[in-house]
1. Select from segment 762-805 the residues that are of a type in the set (S, T, N, Q) and open to solvent by less than 30 Å² (accessible area, probe 1.4 Å) and write down the one among them that is farthest from Asp867 (Cα to Cα).
2. Going through segment 430-443 one residue at a time, which ones are surrounded by 16 or more Cβ atoms within 10 Å (Cβ to Cβ) and in contact (Cβ under 8 Å) with a residue 12 or more places away in the chain?
3. Could you grab me the full set of residues in segment 468-480 that are out of contact with any helix residue (DSSP H, G or I) (no Cβ under 6 Å at 6 or more places or on another chain) and either touching a residue at least 12 places away in the same chain (Cβ under 8 Å) or among the β-branched types (Val, Ile, Thr) (or both)?
4. For segment 505-532, name all the residues that are modelled with pLDDT of 85 or more and part of a strand (DSSP E or B).
5. Just one of (1) closer than 23 Å to Pro605 by Cβ; (2) under 51 Å from the mean Cα position of the chain (by Cα); (3) assigned to a strand (DSSP E or B); (4) not small (Gly, Ala, Ser) trips up Phe802, so point out which.
6. So Gly835 passes all but one of these: (1) out of contact with any helix residue (DSSP H, G or I) (no Cβ under 9 Å at 6 or more places or on another chain); (2) under 30 Å from Asp794 (Cα atoms); (3) open to solvent by 60 Å² or more (accessible area, probe 1.4 Å). Which condition number does it fail?
7. How many residues are in contact (Cβ under 8 Å) with a residue 24 or more places away in the chain, open to solvent by 50 Å² or more (accessible area, probe 1.4 Å) and in contact with a strand residue (DSSP E or B) (Cβ under 8 Å, 6 or more places away or on another chain) when one looks only at segment 297-338?
Amino acid sequence: MDIPTRYDSSNESKWYDHWMKKNYFHSEPDEREPFTIIIPPPNVTGVLHMGHMLNNTIQDILIRKARLEGKNACWVPGTDHASIATEAKVVGMLREKGIKKSDITREEFLKYAWEWKEEYGGIILQQLRKLGASCDWQRTAFTMDEIRSNHVIHAFIDLYRKGKIYKGKRMINWDPSAKTVLSNEEVIYFEENGALYHVRYQIEGTDDYLTIATTRPETILGDTAVAVNPKDKRYTHLKGKNVIVPLVNRVVPIIFDRYVDLEFGTGALKITPAHDINDYEIGMTNNLEVIDVFNDDGTMSEAAGMYIGLDRFECKKLITEDLKKSGNLVKIEEYTHTIGKSERTDAIIEPRLSEQWFVDMNQLAEPALKAVVSDEVEFIPANQKNTYKHWMENIRPWTISRQLWWGHRIPAWYLETDGEIQIFVDYDGEKALEQARQKTGNVNLKTEDLRQDEDVLDTWFSSWLWPISVFNGFFDKKDISYYYPTNVLVTGWDIIFLWVARMNMASYEWFNEKPFNQVYFTGMVRDKLHRKMSKSLGNSPDALKLIEDFGADGVRFGMLSSSPAGGDLLYDEKLIEQGRNFTNKLWNAMRLVNGWQTDDNKETPVENNFSVLWLENRLQQVISELNDQYDKFRLSEALISLYNFIWNDFFSWYLESIKPPYQGKIDTYTYDKTVEIYEKVLTLLHPFMPFITEEIWHYLKERQDGDDCVVSHYPEYQGFNQEILEAMEKTKQISTRIREIKASKGLKPKDELKLFVKNTDSVQNLLFSETDAGLAELLMKLEYLSEIIVVENDDVPSTLHFMAANEKFMLEFHQEIDVEAEIEKINNELDYQRGFVASISKKLSNERFVSGAPADVVERERKKLADGEERIRILEESLRALK
C-alpha cells in the first residue's frame, strides 16, 4: 500500500462524503439506548464563526463518543428564522434593487424573504460539515417550516385558552431601528458617560422656579407632571401647585411620590409617562396624561409639538440650545448612567407604552426553577444556577409580539362591531370565523369581516419549543417518547434566559418533563488580550480560512486544548498550529509502523513483551482518566491527556522500545499488538480529530467494507497494574539521566557503555524480577548499554555517578573527570533535596494536616519524605566516594 509522505487535510471532504454515503449519522428509534443532542439553531443569516466552531465541536465530540459506545446517537441540526436579523437582510436586499418595503404588500415581501432564505439560509449548515459535525442531516429542521410552525401556533392557542397569554397595554422596549418591540432579555445594558441636565420649570402664578435634573431633555416635550418626595421638606410648600413645562408652556401638576430619590439631582423629577417605566407607573397612580413624543423610527412625532420629524438625538442637541436661549437650562454636568441597546441592531432602546401580546411567565416558572435548583436539570458549571435562580424568582411577563412581517403571524383575528373589538384566537381564519359566528350569533359574517393581527411572534417563541418541535412532539409520539428528554444541551451562558430557561418552562408546561438532563455552558471565545472577538475589533479570524489552512482536525484541536470546562477560550493560532503538527506526528508514526517487516518465526524479545504490557496498562489508565473527564465535561483536559499519552508514551517511548534494528524485522506478536493498540488510540482520539483518525485507520491495515473508525468500538476500561506503570516510570528516569550525562560529556547516544548499579533489594526487584521481566533488557536497548553490572560497592573506577529512581548508578566513562565540578553538582542537588525533605517534614509535623487530610494524601507525603531521605543518603555516599 503506497502511503503519501505527508498527511493532506484536503482529504477531509472525502471522508465526510464517505460517512454520509454510509448513512452513519442518521438515527431512528430502536432497541439501543438513545443519546440525543439538539443543536442550538444558528440564525439563517449566520456564517461560521469561532463561537459556532467551539460550540459545535463540543457537541460533535459528545455525539461521536456516544456513537462509538454503541448508543443510538442522534444530533438534530437546524436553523432559526431570526425575525429581526433576516428582515433587515431582506430590506437591505430590496433597497439595492430600488424597492422600499413600504411600497410592497406583505405577501410580496414574504416571497422575497423566502427566496433569500432558500439562497443563503443553509450556508452555515454546509460550513458545519467542513468542521466535521456529524449531525443527522435528514432531520434538519427550520423554525418556520411546516412542522415547527404548527407547533408554534398550537402553543400560542393553548396558552391563550389557558389564560397564560394575553394582550395588554404596558411599557415595553422599542427598537427604533428594527421598528419592533423587544423582550427584556433582548436588551443589553451598559454604562455610558453622558450628561445630567438641570432645567428650571416656572411655578405657575409666581416668578419662582423648580429645578429638575434629567438625562433626557428631548422628552421634556412629553412631560405631564413634576414629582418630589413627600419627605422632602424643601418642597412641602408646593403642595397643590403647578409648574409650566419649558418651551411647550404646558401647565402640569407638582405631585408627591415616594419613588423620587431625595439624593438624585435636585430631588425633583420630571414625569414623562410615555417614555419611562417608572414614570408610567407614577402616571397611572396619579391619572396623568400620556404623550408619546416619538415616532416608530425614533423621530419626533406630531404629539411633541416641536422638532417634528427630527431624529431624537438631533432633537436633544437643538432642545438643549433652545433651553439655554430661554434661560431654563441651569447647568450641565457629567454623569454616568445605564442605557439599553438592542441585542440585534445595536440601536438605543426607547421605553414606550404600547399594546402587545404577553406570556404570563409567573404561571410557568415554578417547575422549571425547581428542576434546576434540585439538579433534575444539571448545570455545568454549577455556578450558573445562581444566575438562573435570580432571574426565575424575579421573572416578568414576556413580550412576544413583534412588529415585523418575517415570522409566525399571530393567530388572532379581530372583529369590530359598534366600536367594540372582539378577539378570536384559532388555527386559521375559517376557524376564527366560526368562533365569531357562534359568539355573535351572526351567521352572515364573512372572512373579510375579520382582520388578522399584523404582528409576528418573537423568534424565541419558536426556539423555546425546539426540543419538542424537532421531534414533532405535539402531534406524533413516536420520536418524542424515544429521544426525550435529550441528554445534553451545549450552549452559551449569554442565552440562559432567552433560551434555556424558556425551554425548561415549555417542557414542563406541555410534558411535565425536563427537556434535557444536563446543560453545558461554554465560555466566550476571546483573543490573547482577553477581549471578546468581534468584527469591529478585527480580532476574529476567518473560521473557514483556518480550516483551509490547518485542516478541521487542527482547528478542533486548537479550540479544545485552550477551552477549560465552562471557562472562556483564549484563542491562540499557535495552538491550532500545534494541532496540525499533531496530525503530522500521527501520520508519521503510522508510516513508521507500516514500514516494518514482520517475521513470523522470530521469537518476541523479552523487552518487547514488557513494553507491550506497559503500554496496555498505561492505555487503561488513560481510559480511566478520560471517562472521569468526560463525566465532568472536562473535554480540554481529556484531549490533553490523550495528546500527552500518544506523543510521549506511545510514540516517544513505546515505538522507540520496540523498534527493530535498521533493516531488521519485527516479531509478529509485537507488531500485531502495536496495530491493535494504535487502533484503540484512534478510536479514543476520533471524537476530537475525526478526519485524521479515519484516514490512518484505513492505512493501518486492510479493512472490510463498513470497518470504519467512526463506528468502531470505544475501548472499555478493564483496570491497570500500578506496579507495572511505576516500574516503567523508574526505567524512564534512569534512561533520561543516561541521555543527559552522555550529552553533557560529548558522548554519542549510540556509544555502547557499561552501566553499574549498586546492589539493593529494590534494584533487584526493578531490573531483574520475574514480574517485570524485560526491564533490564529494555534499558540496555534504549540506551545502547553493553551490559548492566550489579556491584556491592560504588567505588567503580572510570565511571560517572548519578542517582535515578532512588538508586545509585555508575556509567562507564574513560575520560578525565573534573572532581571539583562533580562535587559542586552533588552539593547543589543535596541542597535542593534537603530543602524538599524539610518542607515535607514540616507538613507532616502539623497535627491539623495529619488528622484532617485524607489518609491516602498523608501516606503519599510520607512516601515523598522517605524517598527524599533515601536520595540524600545516596548523594552523601557519592560525595564521600569522590572526596
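The values are calculated or read from the model by the stated rules, or taken from the named source; none is laboratory data. Note that this is a predicted model, so its numbers are computed, not measured. In this analysis, Cβ positions are derived from the backbone assuming ideal geometry, glycine residues included, and neighbour counts consider all displayed protein chains. For the accessible areas, the whole protein counts, side chains as well, though only heavy atoms, and no ligand, DNA or RNA atoms are used. Shrake-Rupley method; radii C 1.70, N 1.55, O 1.52, S 1.80 Å.
1. First, the residues of segment 762-805 that are of a type in the set (S, T, N, Q): 762, 764-765, 769, 771, 786, 793, 798-799.
After this cut, where a residue has to be open to solvent by less than 30 Å² (accessible area, probe 1.4 Å) as well, the list is 769, 799.
On the way: Ser769: 21, Thr799: 24 Å.
Here the answer is Thr799.
2. Ala432, Leu433, Ala436
3. Those that are out of contact with any helix residue (DSSP H, G or I) (no Cβ under 6 Å at 6 or more places or on another chain) and either touching a residue at least 12 places away in the same chain (Cβ under 8 Å) or among the β-branched types (Val, Ile, Thr) (or both): Ile468, Val470, Phe475, Lys478, Asp479, Ile480.
4. Phe516, Asn517, Gln518, Val519, Tyr520, Phe521, Thr522
5. Checking Phe802 against (1) closer than 23 Å to Pro605 by Cβ; (2) under 51 Å from the mean Cα position of the chain (by Cα); (3) assigned to a strand (DSSP E or B); (4) not small (Gly, Ala, Ser), the one that fails is (1).
6. Among (1) out of contact with any helix residue (DSSP H, G or I) (no Cβ under 9 Å at 6 or more places or on another chain); (2) under 30 Å from Asp794 (Cα atoms); (3) open to solvent by 60 Å² or more (accessible area, probe 1.4 Å), Gly835 violates only (3).
7. Qualifying residue count for the region: 9.
Per-residue answers, yes or no, for (1) part of a loop (DSSP other than H, G, I, E, B); (2) in contact with a helix residue (DSSP H, G or I) (Cβ under 6 Å, 6 or more places away or on another chain); (3) more than 30 Å from Val593 (Cβ to Cβ):
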site	(1), (2), (3)
Asn23	yes, no, yes
Pro29	yes, yes, yes
Leu54	no, yes, yes
Arg64	no, no, no
